[in-house]
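Reading through the structure tokens given below for one structure.
Since every read-out is calculated from the coordinates, none of them should be taken as a lab result. Worth saying up front: this structure is predicted, and the values here are computed from it rather than measured. Methodologically, a virtual Cβ is constructed for each residue, glycine included, from the backbone with ideal geometry; neighbour enumeration extends over all protein chains shown.
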Amino acid sequence: MAATDKLPDIDKRLEFMQLGKESRESIAALAPMIERELPKALDKFYAKVASTPETSRFFSSKQHMAGAKQAQLGHWANIARADFSSQYATNVRAIGSAHARIGLEPQWYVGGYAIVLDHLIKAVLKEFLPKSGLFAKRRVDAEALGDRIGSLAKAVFLDMELAISVYMDERDAALKEAQDKMLDEANAVSGIFGKAISAIAAKQLDHRIKEPMPGGFEALRDAFNHAAEELAETISRIEASAVHVKDEAEEIHGSADDLARRTEQQTASVEETAAALEEITATVADSTKRAEEANALAAKAKSGAERSGEVVDQAVAAMGAIEHSSKEISNIIGVIDEIAFQTNLLALNAGVEAARAGDAGKGFAVVAQEVRELAQRSANAAKEIKSLIGNSEVAVSEGVRLVNDTGEGLSAIAELVQQINQHMDAIATAAQEQSMGLSEINGAVNHMDQATQQNAAMVEEMNAAGAGLAQESGRLGELLASFRTGENAASAPVRSAPARVTAAPVRAPAPAARPAAPVSRPAPAARGNAALNKLQQEWTEF
């Protein structure tokens, strides 16, 4: 027999409460009055029950409440008769068990005892106290009345204590049973989940909990199985992505290697270009310098041509003066020629006169002859000089013409030299600009050379990083391969990896950390029609 099935020890309680035979006889003496007043007391009690929401919920209808009242009348009849037998103990245990099952807390039926006891005490006092009036008689003395009321109160408290004790025992037994059940369930669940977690720790992601679980832990089992399935799927996807990353890393490594070689070639080409540009820059700078020197020489040539033009102008002026002097000399020669002609005529006349004079004039004739010959020689010399002067005039005219032509040529040369000077100046300016531009290009190429060298170094680093990424991807694949996901790699093809990891992100697994469904507790018996039917059955038991 379970602890809650044992009947309460009535005799021990009766002895402690001093509810002996005499006290029970006092209670029995009140039985007629109690049985008469008890329906009225219960009417007050059930009226209060009906008006209180916390207690009215235990009754589905007035008929239900009337049935409970009828059961209470039978139980209180045993109390009125002071019948504290084993049957009374059985009834009290049934009442306390019913209260525990329906969840009726002691405060409510303690209040019910108070209402009933209040009515019964007032009825006893009204029944046995003397009525007012001169000839009123006392039906029982005060001490006996006190014994009867005290015995009635003790009986009521005994019944109430027995009901509460049974209620507490039932509640403790139910609590212990629930705790034992929860402990057994927790141990079973702990063992099952310990085995499952050990399998997951051993990388056996295909492990599933298939054992039946207590009602409150089925949701947790389903959540664990779902989480393991999602984890296995995620690991499989990560493994496929790792393979793809490894392939991509190897491709990146190969591309980086090719890029490194091309960058080295480009670096060498840029270095050669920089060297060639430096040579061109030096050549253009030297050409600029020579163009500047040629420009200076052209300026000097221009200045010399201008001075030569001035000299030619002076020569032309001098030749004009010579021509003018030649003309003057020609005029003088003409005068001399006329003087010689006149002298010759005078000599001829003198010879004629000397011939007329005869011998006296012979000496004069000789002188006249000499003068004539001298005049003839003078005339001849004058003719020759005139001829030479004529030739000189022709030569001087030709010289003047040539000098004029020379002046014009020098002027043309001066103009050409000036144009050459302008062109040389433009060439020098352009060469200087080209030299500056080539210097800037040379600087840019040098910067490009440095940047290319830096790019080459970065490409080498990227190449090393790609190789490291390929190695890490390989190690990641080895680690992921150690997980047993339940997929047969030999027969089932690996999931196709996305072209880019970001193009098709791995689907986030359903959160496995959702709180499991709470352990189902017994719903309050007063909720719903089923609870009301159960209450009806339990109330009708007493």
- Query: Which loop chymotrypsin sites (Phe, Trp or Tyr not before Pro) in the stretch 181-286, with loop taken from DSSP, have no more than 15 other Cβ atoms within 10 angstrom of their Cβ?
  - Reply: none
- Give me the compactness ratio for the stretch 1-127, meaning the Cα radius of gyration over 2.2 N^0.38 Å. 1.12
- In the chain, with Lys and Arg counted as +1 and Asp and Glu as -1 at Cβ, which of these residues, Ile420, Gly390, Ala232, has the Cα nearest the positive end of the dipole, that is, farthest along it? Ala232
- Message: For Gln204, what residues show an amide H to amide H distance below 5 Å, using hydrogens built from the backbone and excluding near sequence neighbours?
- Response: Arg484
- Task: Using only Cα atoms, tell me the angle between helix 31-51 and the longest principal axis of the chain; keep it within 0 to 90° and round to the nearest 10.
- Result: 10
- Query: Order of Thr273, Thr281 from fewest to most other C-beta atoms within 10 Å?
  - Reply: Thr273, Thr281
- Message: Below 24 Å, Cα to Cα, which lysines can Lys181 reach? Residues fewer than 8 away in the same chain don't count.
- Response: Lys6, Lys195, Lys210, Lys534
- Task: Just name one of Gly466, Val245, Leu19: the one whose Cα is farthest towards the positive end of the charge dipole of the chain (beta-carbon charges, Lys/Arg +1, Asp/Glu -1).
- Result: Leu19
- What are the semi-axes of the equivalent ellipsoid for the chain, taken as the square roots of 5 times the Cα gyration tensor eigenvalues, largest first, in whole Å? 166, 35, 15
- So which of Lys44/Lys126; Lys48/Lys126; Lys21/Lys44 end up more than 28 Å apart, counting from Cα to Cα? Lys21/Lys44
- Query: Based on Cβ point charges of +1 for Lys and Arg and -1 for Asp and Glu, what charge dipole magnitude is obtained for the chain about its Cα centre, in debye rounded to the nearest 20?
  - Reply: 6100
- Pairing the Cα long axis of helix 362-481 with the longest principal axis of the chain, what angle in degrees results, from 0 to 90 and rounded to the nearest 10? 10
- Item | Residue among Val166, Ala188, Ala199 farthest towards the positive dipole end of the stretch 157-206, charges placed on Cβ | Ala199
- Run the dipole for the stretch 303-351 about the Cα centre, Lys and Arg Cβ at +1, Asp and Glu Cβ at -1, nothing else charged, and hand back the magnitude in debye, nearest 20. 140
